[in-house]
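Student: I'd like to ask some things about the structure below.
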Amino acid sequence: MTDYSDQTDESLALLSATDHDAFGALVGRYEQKLYRYVRRITDVNHEECEDILQETFLKSYRYLHNFDPSLSFSSWMYRIAHNETISHFRKRSVRPKIIREEDGNTYLQNVAADLDITADIDRETLQRQIQDVLDSLGPKYKDVLILRYLEEKSYQEISDILKIPVKTVGTRINRAKKQLRHIIAGHDMNIRS
């Protein structure tokens, strides 16, 4: 088997048109990342998550000829996973609104650092407050927060994944952070989708 470790994702995507092992290397690189992402934005069980991933990889392979190598392959893959997840929930007519407990500390640390929250705030209370506001946020705000603070994507990557302008990404993140600040300060504002 060929060693693809020195190949970029973009070059592997181009190779995949003629080399199935190259696509297998891409699946290996993205399987766990996309699994975590789907689990973070949904309440699906392991089997449903695997089904979404299978559809994601099938669709990405089927449409590799549409991939523009001048763009980020990572953003392209996350976009497909995002769309497949939304499609899955449209079939169920439900959009989940939880962040998994195992992601709570990562999310809390990233958001708290970005909000310049002092270390003396009770982490458990803060995490509960953040979960409360996330439960009240519409998907357009929740999606950008998850991509930014859990998936650690840049504004440009979020823009590519969600197919919205970079400026809109910034606006949504700032509005969601403002909402978090108000809740932490004890105010109650509602942002809905």
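The values are calculated or read from the model by the stated rules, or taken from the named source; none is laboratory data. Bear in mind that the values here come from a model prediction, so they are computed numbers and not experimental data. So basically every Cβ, Gly included, is an ideal-geometry build from the backbone, and we count neighbours across all protein chains shown.
Student: Among helices (runs of 4 or more DSSP H) lying entirely in region 4-80, which contain 3 or more residues that are under 17 Å from the mean Cα position of the chain (by Cα), of a type in the set (A, V, I, L, M) and not assigned by TED's automatic domain parsing to the domain that holds L150?
Tutor: In region 4-80, the matching helices (runs of 4 or more DSSP H) lie at 20-41.
Student: Given the conditions (1) of a type in the set (S, T, N, Q); (2) in a helix (DSSP H, G or I); (3) modelled with pLDDT under 75, which single one is not true for T168?
Tutor: (3)
Student: For I99, state whether it is surrounded by 15 or more Cβ atoms within 10 Å (Cβ to Cβ), at pLDDT below 60 and more than 18 Å from P139 (Cβ to Cβ).
Tutor: In short, no.
Student: If I ask for residues that are in contact with a Pro (Cβ under 8 Å, 6 or more places away or on another chain) and farther than 23 Å from Y63 by Cα, which ones from region 1-46 would you list?
Tutor: Result: I41, T42, D43, V44.
Student: Please indicate, with yes or no, whether at least one residue in region 79-89 is in contact with a Phe, Trp or Tyr (Cβ under 7 Å, 6 or more places away or on another chain), of a type in the set (V, I, T), at pLDDT 90 or above and farther than 26 Å from L180 by Cβ.
Tutor: no
Student: All but one of (1) crowded, with 18+ Cβ neighbours inside 10 Å; (2) at pLDDT below 90; (3) out of contact with any Asp or Glu (no Cβ under 7 Å at 6 or more places or on another chain) hold for D116, so report the exception by its number.
Tutor: Condition (1) is where D116 drops out.
Student: Based on what the data block shows, is V133 crowded, with 20+ Cβ neighbours inside 10 Å, at pLDDT below 90 and farther than 21 Å from E48 by Cβ? Write out each step before concluding.
Tutor: Numbers: crowded, with 20+ Cβ neighbours inside 10 Å: yes; at pLDDT below 90: yes; farther than 21 Å from E48 by Cβ: yes.
Here the answer is yes, as V133 does meet what is asked.
Student: Sticking with this structure for a sec: Applying the selection to region 158-178, what residues are exposed (fewer than 14 other Cβ atoms within 10 Å of the Cβ) and under 25 Å from D68 (Cβ atoms)?
Tutor: K163, P165, K167
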